[in-house]
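Since the structure comes first, as structure tokens, the remarks are kept for the end.
The values are calculated or read from the model by the stated rules, or taken from the named source; none is laboratory data. The shown structure was predicted, so the numbers you read here are calculated from the model rather than taken from an experiment. Cβ atoms come from the backbone with ideal geometry, glycine included; neighbour counts cover every protein chain shown. We work out accessible area using only protein heavy atoms, side chains counted, and drop any ligands, DNA or RNA first. Shrake-Rupley method; radii C 1.70, N 1.55, O 1.52, S 1.80 Å.
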Amino acid sequence: MLYPLAETTECDFKRELETKKPKSWLKSVSAFANGIGGKLIFGVDDSGEIVGIIDAQKSAEAISDLIKTRITPTPQFVLTLEKEREKSVLILTIEAGRATPYYYKADGIREAYVRIGNESIIAPDYILNELILKGKNQSFDALTSDVKKEEYSFTLLEATYYERTLLKMEPKDYFSFCLADKKGYLTNAGRLFADQYIVYNSRVFCTRWNGLEKGSVFDDALDDKEFEGNLIYLLRSASDFIKNNSKVRFYKDVEYRVDKPDYAERAVTEALVNALIHRDYIVSGSEVHIDMYDDRLEISSPGGMFDGKAVQEHTIADIGSMRRNPVIADLFHRMKFMERRGSGLKKIISETEKLPGYNESLKPIFYSDGSSFRVILKNVNYGTTKVSDKVSDKVSDKVSDKVSDKLNEKEKCFFNVLMTLAKQYDFVTTKVVAEAAGMPEATTRRYLAKFSKMDIIVSDGKNRSKKYYLKNTSTTETNP
């Protein structure tokens, strides 16, 4: 038999069986049963060297007795004997338990353990609470609160439900969707969808950092927002923050324009939905974090994978549907914010792969540990900006400061399109601007004439062959 090279999340080595101090290994039994299961291998030292165990039969009986008397409830386990080079090795296999939490008990003390890396530690309160709910086949979002539905409003939920399903949300649906019980008391899911902010942990912190690393919010953040309250509001606000701090570049093909957004919109939505529906709301003082850098977008949420195994140890295509908050997930699915259950991470990858300029180095990254889950989306346009683009950025910033107070809303929208085109081309034509702005050519010519009079652009040529240039690009400082 081949043994692991080192102790892991799912494997622990014991040189010998400790019967006088059984806690040294029974805490791992508790941790494995509370997690994804695992193996204790007796007769192997910490380096993986086989040393053997004396009197394997007696040791096996002692292991079985100690588990039954010191671990409650008793987990399912299997003991097997292996022979390696004439040395006996006992393998104790602990199954992932359903009746969590599994406690180690001795001297009037009960302690539940969990596995973090290659160590078994006492379960923090928030993990213990989740284990208790899991053992009762309950979830946090389905628990009934002491808050009456009639005391709060649900305008955003009902409007969004109608907008996305074309169905009116009836009073009976609150019970059917497990947002309230028959007596009118809200579940925790119901509280999270109320218009009012009544679940303190229902928050999203967003920051656009200047550069590639975090710094001081006061000195190094280009944009910083905090949102709290209704989950639909959080989803929309977080989406808007990311859009406002992203760019959509484009290039002109022979017959049409190709957009090149920094991130795939659907991938961003799936990542945000994943963060909101699968996060652990039990963790006190926690929130979802969105950190945007020049080269990437990171979305972090409290709580690791619900099955206890790190996401990086999974094959993404094989991850099943295990939901920490099934009520919230079901309602998001009904409103079509997410596709079929269990497909979110695969969707993030497939949508990112569709982006122009994508290559394997830009593949999304997923990482989790016992307390958090993180999605990293790479900016597909990072590193492709030309010096001329940076010059155009400086020119457009100066021009924007010059004219922003003199334009109405429609003219500002047109101006933004014009500045975006100026970053892509040396010059533009009426037809190109009209297509980008989605306006008739006659209206476009009128706007271009106004900006010419305002000394923002200059033209060359006549009629349909006329070319427009952003003024003074040649005299603008060109250092990137």
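Site-free segments of the chain were taken between trypsin sites (Lys or Arg not before Pro) in DSSP loops having at most 12 other Cβ atoms within 10 Å, sites themselves excluded; the longest one is 184-335. Between the range 235-310 and the range 342-372, the C-alpha centres lie 10 angstrom from each other. What whole number of Å gives the distance from the Cα centroid of the range 111-188 to the Cα centroid of the range 71-94? Each part's Cα centre sits 39 Å from the other's. Summing Cβ point charges (Lys, Arg +1; Asp, Glu -1) relative to the Cα centre of the range 56-193 gives a dipole of roughly 300 debye. Short-range pairs are left out: with C-alpha atoms under 8 Å and at least six residues apart, the relative contact order of the chain is 10 percent. Here the label points at SER350 and LYS68, each 7 Å from Cα along the C-beta direction, are separated by 5.1 nm in the simple model. With a Förster radius of 41 Å applied to the C-beta separation of ASP146 and TYR358, the computed FRET efficiency comes to 0.25. Close amide-amide hydrogen proximity is noted between SER88 and ILE53, each under 5 Å apart and 5 or more residues distant or on a separate chain (H modeled in the peptide plane; Pro and chain starts excluded). A crude spin-label estimate for the pair TYR162 and ASP195, with each label 7 Å from Cα along the Cβ direction, gives 1.3 nm.
What stretch of the chain, leaving out the sites themselves, is the longest with no GluC sites (Glu not before Pro) in a DSSP loop having at most 12 other Cβ atoms within 10 Å? Let's see the in-between values first.
Working: sites that count: GLU49, GLU86, GLU213, GLU255, GLU477.
Free of exposed loop sites, the longest segment is 256-476.
Taking only protein heavy atoms and a 1.4 Å probe, the accessible area of the range 232-308 is 46% carbon and sulfur.
Is there a quick way to get the dipole size of the range 1-105? I mean about its Cα centre, with the Cβ of Lys and Arg at +1 and of Asp and Glu at -1; what is the value in debye to the nearest 20?
480
About its Cα centre, the dipole of the chain is roughly 1640 debye, where the only charges are +1 on Lys and Arg Cβ and -1 on Asp and Glu Cβ.
May I ask for the percentage of alpha-carbon pairs in the chain that lie more than 36 Å from each other?
It works out to 49 percent of all Cα pairs.
Computed with a 1.4 Å probe over protein heavy atoms only, the accessible area of LEU212 comes to about 70 Å². The mean accessible area for residues of the chain, using a 1.4 Å probe and ignoring ligands and nucleic acids, is 52 Å² per residue. On the basis of the beta-carbon distance and an R0 of 35 Å, LYS214 and GLU409 show a calculated FRET efficiency of 0.50.
Using the alpha-carbon atoms, what tilt in degrees (0 to 90, nearest 10) does helix 265-278 show relative to the longest principal axis of the chain? That helix lies at roughly 30 degrees to the long axis. Helix 441-453 and the long axis of the chain differ in direction by around 80°, with both axes built from C-alpha atoms. A full extension of the chain between PHE250 and THR155 corresponds to an added length of 30.4 nm, given 0.36 nm per residue minus the alpha carbon distance. Segment ASN129..SER465, full-extension length gain: 113.9 nm, with 0.36 nm per residue of separation and the alpha-carbon distance subtracted.
To the nearest ten degrees, helix 409-422 and the longest principal axis of the Cα atoms of the chain are 80 degrees apart. Using a simple spin-label model with pseudo-atoms 7 Å out from Cα toward Cβ, LYS183 and ALA106 lie 4.4 nm apart.
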